[in-house]
Amino acid sequence: MDTAPLIDPFQRAITYLRVSVTDRCDFRCVYCMAENMTFLPKKELLTLEELDRMCSTFVRMGVEKLRITGGEPLVRRDIMTFFRSMTRHLDSGALKELTLTTNGSQLSRFADDLYAAGVRRVNVSLDTLDEQKFARVTRWGRLPQVLKGIDAAQKAGLRVKINTVALKGFNEDELFALVEWCKSRDMDLTFIEVMPMGDLGEEDRIGQYWSLKDLRRDLASQYTLTDLAHRTGGPARYVQLEETGQQIGFITPLTHNFCESCNRVRLTCTGELFMCLGQEDNADLRSPLRASDDDGPLEDAIRKAIGLKPKGHDFDYSRQTIEGQMTRHMSHTGG
Ligand code: SAM
Ligand code: SF4
């Protein structure tokens, strides 16, 4: 068995795997899904056992951080079985972190179980603190349910980070309210630039684009911002607000090129491995997984795929047209 670490052609070590465990969701966020989505038939999805085999293989090959996402990961039936099965890799020390990104709707049910499985941090996506606006942007979501979920997560001992998509004309007026709310609850906050994912038809995504450069300038009108050096190998950059000591993150795939330090790949719920969020290149890992009980062919397929990881992505808004627009939805690759 070849257990050399996964290194891509640009000498980046691949230590971080994001796994989408379902394409389904109980929300229909306007920038993410159409209201009437057709979801994949169940047989297309990796079973929980297959997800375990897949993730365990990556862990054996050097992945140290797993982020479970979707769709909404907590709506997948029996998903706690999967989380619990990953605990053994935390216990062995091979896996350093098991975490998830969630819309928070099911957290009040699962927070304690997640903690018991070894999860210590969760990212909760929340774009507004206004009930009506929340219902508008998520279409099917209800704010009180999510707030209850956040309460439960904190009570269970999970560290919560809020992810907020910056949307022009939608949550610009809540910038300070969100910052202060996160401060009052001791939660980190990261803003995400809206990305041109999927072909949703109805929404003008350039119209929705609120540049984080502008957001940062607004923030600097009330706070002293100090750039922080630490990086996570991803597209986030952090500042500290000197007045409050808070850390605020910015994920700016469109205005910054963050690819040089990229340490991650993404597995979809059907077993396709995407080497880059902004490129269509992908490798089918489900076939080698299903073809044999032996993990050898799967390991070979993973190594071959990592050998094809591109240098960078093609998103570009600079010409006011959406260059490099992706036809797949974020809920497919898991954001
Ligand atoms: N359902 C979970 C949630 O909402 O956190 C996990 C999956 S969701 C696809 C992951 C993240 O992608 C969320 O923070 C969401 O706000 C973000 N997202 C979805 N569509 C996006 C887009 N077009 N541009 C930027 N972020 C997007
Ligand atoms: Fe669901 Fe998350 Fe997409 Fe919203 S962003 S529709 S919660 S998957």
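The values are calculated or read from the model by the stated rules, or taken from the named source; none is laboratory data. Bear in mind that the values here come from a model prediction, so they are computed numbers and not experimental data. When we count neighbours, we look across all protein chains shown, and the Cβ atoms used for this are built from the backbone with ideal geometry, even at glycine. The area values use the complete protein model at the heavy-atom level, side chains included, leaving out ligands, DNA and RNA. Shrake-Rupley method; radii C 1.70, N 1.55, O 1.52, S 1.80 Å.
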Within region 97-109, track down each residue that is open to solvent by 10 Å² or more (accessible area, probe 1.4 Å) and within 13 Å of ligand 2 (Cβ to nearest atom). Thr101, Asn103, Gln106
Using beta carbons and a limit of 7 Å, which pairs, at least six apart or on different chains, have the first residue in region 71-99 and farther than 20 Å from Arg266 by Cβ and the second one open to solvent by less than 10 Å² (accessible area, probe 1.4 Å) and within 16 Å of ligand 1 (Cβ to nearest atom)? Leu90/Leu98
Here's a check for you: in region 110-132, which residue that is within 16 Å of ligand 2 (Cβ to nearest atom) and without any contact (Cβ under 8 Å) to a residue 40 or more places away in the chain is surrounded by the most Cβ atoms within 10 Å (Cβ to Cβ)? Leu126
Residues satisfying the stated conditions in region 131-186, i.e. within 29 Å of Tyr115 (Cβ to Cβ), charged (D, E, K, R) and assigned to a helix (DSSP H, G or I): Glu131, Lys148, Asp151, Lys155, Glu180, Lys183
Of a type in the set (Gly, Ala, Ser), exposed (fewer than 15 other Cβ atoms within 10 Å of the Cβ) and more than 12 Å from ligand 1 (Cβ to nearest atom), is that true of Gly157? yes
Taking Leu51 as meeting all but one of (1) in contact (Cβ under 8 Å) with a residue 40 or more places away in the chain; (2) surrounded by 20 or more Cβ atoms within 10 Å (Cβ to Cβ), write down the number of the exception. (1)
Cβ-Cβ distance below 6 Å, separation of 6 or more or different chains: which pairs start in region 234-245 with a residue that is open to solvent by 40 Å² or more (accessible area, probe 1.4 Å) and end on one that is assigned to a loop (DSSP other than H, G, I, E, B) and among the aliphatic types (A, V, I, L, M)? Gln240/Leu228
Filtered residues of region 61-79 (kept if open to solvent by 10 Å² or more (accessible area, probe 1.4 Å) and over 19 Å from Ala283 (Cα atoms)): Glu64, Lys65, Arg67, Gly71, Val75, Arg76, Arg77, Asp78
Return the residues of region 133-147 that are open to solvent by 50 Å² or more (accessible area, probe 1.4 Å) and near ligand 2 (Cβ under 10 Å from one of its atoms); say none if nothing qualifies. Trp140
Restricting attention to region 33-47, which residues are open to solvent by less than 30 Å² (accessible area, probe 1.4 Å) and not small (Gly, Ala, Ser)? Met33, Leu45, Leu46
